Amino acid sequence: MAETIDESENVELTDEDLEKDSKGPLIKLAGKLRDRRNELNQLASERASGRDELNAKTRETVDRAQEHREKRDELNDEVQEHKRKRNELNAEANELFEEVEAMKSDLELDDSTDLDQLEEDIEQLEFRQQTEVLSPEDERDLIDRIEGKREEYRERKAALDETDGLEEKKAEAEEIRAEASTHHQQVTQLADEAQEHHNEMIAAYREADDVRDEADRKHEMFVDAQEAADRHHEDFVRVQKRLRELDKEEEDERRTQRDQRREEAEAEAEEIYQQFKEGETLDTEDLMKLQKAGKL
C-alpha cells in the first residue's frame, strides 16, 4: 500500500460545476465522487486496522518491558537483602577475628611457640652437658640455660593448652566468613540476572518506541485517507442536493407548462362556447374541446 494517496485519482468539484452543469454530467460526477469516496473509506479502514495492530503490539511490548522491570526490581531487592546479610556476617566475623588476635596477643603467641623446637634445643643442651668437659662456671651457665629452656617450654605448653577456646573462636569466625562469602556469591549472581532483565527492559522500551512511531505514521496515513474520503462524501452530497434542486426546477417547469396549457385550453374553449351560443356551426374537434373543458 502506498504511503501517500494518489491525488490523480481524486475527483474535483467546483462551484462552477454545480451551477452550470446539467443533470447528465452531474449524475456522472456524483458516481465518480461516490466510487472514489468508497475507495478512500476502504483505504482508511485498512490503514486504521494496521494502526490498531501496531498499537496493540506497542502495548504488548510495553507490558513485556514492565515485566522485565518488575523482575529486575525484585532481583535488586534480593541483592540488597543478601548484601545486608553479607555485611552483617563479615562484621561479625571481623569482630571474632579481632578477638582471636587479641587472645593471641594476651597469650604472647608468635612463631617462636614451636614446642618441638624448644624440646630439641633442650636435648642439644643436655647432650652437650653430658659429653663435654666444662669448667664449673660454664657448666652452671649451661644448667641455667637448660632450666630456662625448660621453663619456657612449660610456659608455652601451658599457653597452648589455653588456646582451645581461641581455635574454636577462630573456627567460628571462619565459618561465618564462609557464610558471608555465600551471600556475596548470591549478590554477584542476582546482580547479573538483574542487569540482564534491565537490558531486556531497555530493549523492549526501545522496540515499543519504534513500533509506536510506526503506529503514529500509520495514523497520519489513516487521517489523510479519511479526510479525503470525507471531502469526496461532502462533494457527493452537494451534487446530490444540486440534482434534487434540478429535479424540483424541472417539476416546477412542467407544472407551469401544464398550467399554461390548461389556461390556454380553457380560454380556447370559452371562445368556442361563445361561438356556439351565437349559433355558429362547430366541428367535431371543437365539440371535443368543449366537452373536455366541461362546457357541454
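Descriptive notes on the structure:
- A single entry from 190, 290, 246 fulfils the requirement of being touching a helix residue (DSSP H, G or I) at 6+ places or on another chain (Cβ under 6 Å) and without any contact (Cβ under 8 Å) to a residue 24 or more places away in the chain: 290.
- Look at segment 112-137: where a residue is closer than 23 Å to residue 153 by Cα, no partner that is polar (S, T, N, Q) and at pLDDT 80 or above sits 6+ places away or on another chain with Cβ atoms under 6 Å.
- When segment 145-174 is limited to residues that are loosely packed, with under 13 Cβ neighbours inside 10 Å and more than 30 Å from residue 124 (Cβ to Cβ), the one that is nearest to the chain's Cα centre (by Cα) turns out to be 171.
- Out of 34, 51, 69, sole residue that is buried (at least 16 other Cβ atoms within 10 Å of the Cβ), more than 40 Å from the chain's Cα centre (by Cα) and among the basic types (Lys, Arg): 34
- Only listed residue being assigned to a helix (DSSP H, G or I) and either touching a helix residue (DSSP H, G or I) at 6+ places or on another chain (Cβ under 6 Å) or touching a residue at least 24 places away in the same chain (Cβ under 8 Å) (or both), chosen from 60, 70, 46: 46
The values are calculated or read from the model by the stated rules, or taken from the named source; none is laboratory data. Owing to the predicted nature of the structure, the values given are computational and were not obtained by experimental measurement. So basically every Cβ, Gly included, is an ideal-geometry build from the backbone, and we count neighbours across all protein chains shown.
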